[in-house]
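Visitor: Here it is, the structure, as structure tokens.
The values are calculated or read from the model by the stated rules, or taken from the named source; none is laboratory data. This one's a predicted model, so the numbers in the text were calculated from it and none came from an experiment. Don't worry about glycine lacking a Cβ; one is built from the backbone with ideal geometry, like all the others, and counts go over all protein chains shown. Heavy atoms of the whole protein, side chains included, go into the accessibility calculation; ligands, DNA and RNA do not. Shrake-Rupley method; radii C 1.70, N 1.55, O 1.52, S 1.80 Å.
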Amino acid sequence: MQIPCFIANWKMYKTIAESADYLHSFEKELQPLPQDAWEAILAPPYTALATVSQILKQVPLPIRLAAQNLYFEEQGAYTGEISPRMLRELCQYVIIGHSERRGLFGETDREINKKIRAAAKEGLIPILCVGETAEERREGKTWRVIERQLSEALDLGNLSEVLIAYEPVWAIGTGMTPHPSEAEAVHFQICNYLSQGEKSARILYGGSANDKNIEGFMKEPHINGVLAGGASLSPEVFAKIIKLGSAAKISR
Ligand code: PGA
């Protein structure tokens, strides 16, 4: 069984001081849990990565770090951007292709592909986000959209390690979610898609995941964890998601 993975995407929330406070409470909440049944990945804003990374070095828990984005060039005159090489010193993972990047900042599948390659080249593990809009869902195009996003982002032939987050755009930050069985059907298709290239990956659900609905999602066989936004901003709630989610996986 793959170890379930729980990602906290803090988006543009938390200063350095707030991040340090969070870690303090988060660690206390997680101490009593069995340490081999889960992995957590925190994705703070760039400004807090160094501090969180330092704190995590003192914490004997399976918590890793992710950046929320990167730029695909190694270095150069790209004001305001951060390269994979810079992130390599701070974190192990990087979120790529989040729907807010695609929707608000116009990121294309082609750019996402370049980012995935650049991350992998530096040894960062990409967390690729895919998902359909409400309109695409209504029109029955969910799989067509996701298959396009996967095929344009990933080179199946020489794909190294990757995590996939299935995040229906209409579920992000809205309190609405698909039924766990509906999400499972998409996860199953993603799993089949990857196996065509003889690959596998942990596939996480994202979009209004919280401590109330986590167990339903985690009982599904192809849902290997969640990527939480809003619900991950509280250390108590995110720790509860990890606790209930990893227990639900074990008891399946
Ligand atoms: P949400 O965000 O949990 O607040 O819906 C999830 C995401 O954007 O990754």
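Visitor: With springs only between Cα atoms under 10 Å apart, run a GNM on the chain and tell me which of 138, 102, 88 wobbles the most.
Guide: Comparing 138, 102, 88 in the GNM, the peak value goes to 138.
Visitor: Mind checking the per residue accessible area of the stretch 5-251 for me, 1.4 Å probe, whole number of Å²?
Guide: Normalised by residue count, the accessible surface of the stretch 5-251 is 45 Å².
Visitor: Considering the options 93, 156, 108, tell which one lies farthest towards the positive end of the dipole of the stretch 5-251, charges being +1 on Lys and Arg and -1 on Asp and Glu at the Cβ, about the Cα centre.
Guide: 93
Visitor: Relative to the present Cα-Cα distance, how much length would full extension add between residue 88 and residue 33 at 0.36 nm per residue of separation?
Guide: Roughly 16.9 nm would be gained on extension.
Visitor: Using amide H atoms built 1.01 Å from N in the peptide plane, name the residues 5+ places from residue 92, or on other chains, whose amide H lies under 5 Å from its own.
Guide: 65
Visitor: Once amide H atoms are built 1.01 Å from N in the peptide plane, which residues 5 or more positions from residue 7, or in another chain, come under 5 Å H to H?
Guide: For residue 7, whose amide H was placed from the backbone, the distant partners under 5 Å are 41, 226, 227, 228.
Visitor: Moving to a separate point now. Given a 1.4 Å probe and every protein chain left where it sits, what share in percent of the accessible area of the stretch 5-251 is carbon and sulfur?
Guide: 51 percent
Visitor: Among the listed pairs 121/199; 121/249; 115/212; 114/219; 28/249; 57/114, which have their C-alpha atoms separated by more than 27 angstrom in this model?
Guide: 121/249; 115/212; 114/219; 57/114
Visitor: To continue, here is another question. Could you pull out the chymotrypsin sites (Phe, Trp or Tyr not before Pro) across the stretch 63-162 that fall in loop regions by DSSP (anything but H, G, I, E, B) with no more than 14 other Cβ atoms inside 10 Å?
Guide: 78
Visitor: How much mean residue ellipticity at 222 nm does the chain get from its helices, if each DSSP H run of length 4 or more adds -39500 (n - 2.57) and you divide by all residues, to the nearest 500 deg cm²/dmol?
Guide: Using -39500 (n - 2.57) per qualifying helix, the result is -12500 deg cm²/dmol.
Visitor: Right, here's the next one. Report the relative contact order of the stretch 89-148, percent, no decimals, based on alpha-carbon pairs under 8 angstrom and at least 6 residues apart.
Guide: 38 percent
Visitor: Quick check: net charge around residue 181, other residues with Cβ under 13 Å of its Cβ, Lys/Arg +1 and Asp/Glu -1?
Guide: -2
Visitor: Also, I was wondering about something else. Once phi is turned into ³J(HN,Hα) by the Karplus curve 6.51 cos²θ - 1.76 cosθ + 1.60 with θ = phi - 60°, what whole-Hz value does each residue of the stretch 64-78 show in order, with x for glycine and proline?
Guide: Whole-Hz 3J(HN,Hα) from phi for the stretch 64-78: 10, 10, 10, 8, 8, 5, 7, 10, 7, 7, 6, 6, x, 8, 10.
Visitor: To continue, here is another question. Expressed as a rounded percentage, what relative contact order does the chain have, with Cα pairs under 8 Å and six or more residues apart?
Guide: Computed value for the chain: 20 percent relative contact order.
Visitor: What ³J(HN,Hα) values, in whole Hz, does the Karplus curve 6.51 cos²θ - 1.76 cosθ + 1.60 give for the stretch 209-223 when θ = phi - 60°, with x put for Gly and Pro?
Guide: Result, ordered by residue: 6, 8, 6, 8, 9, 4, 5, x, 5, 6, 6, 7, x, 9, 9 Hz.
Visitor: What are the DSSP H helices in the chain that stretch 15 Å or more along their long axis, judged by alpha-carbon atoms, and whose average Kyte-Doolittle hydropathy comes to at least -1.0?
Guide: The qualifying helices are 16-30, 46-57, 142-153, 180-196, 235-250.
Visitor: Treating only the Cβ atoms of Lys and Arg (+1) and Asp and Glu (-1) as charged, compute the dipole magnitude of the chain about its Cα centre; round to the nearest 20 debye.
Guide: The calculated dipole for the chain is roughly 180 debye.
Visitor: To continue, here is another question. So what's the net charge close to residue 3: Lys and Arg +1, Asp and Glu -1, counting the other residues with Cβ under 12 Å from its Cβ?
Guide: The answer is +1.
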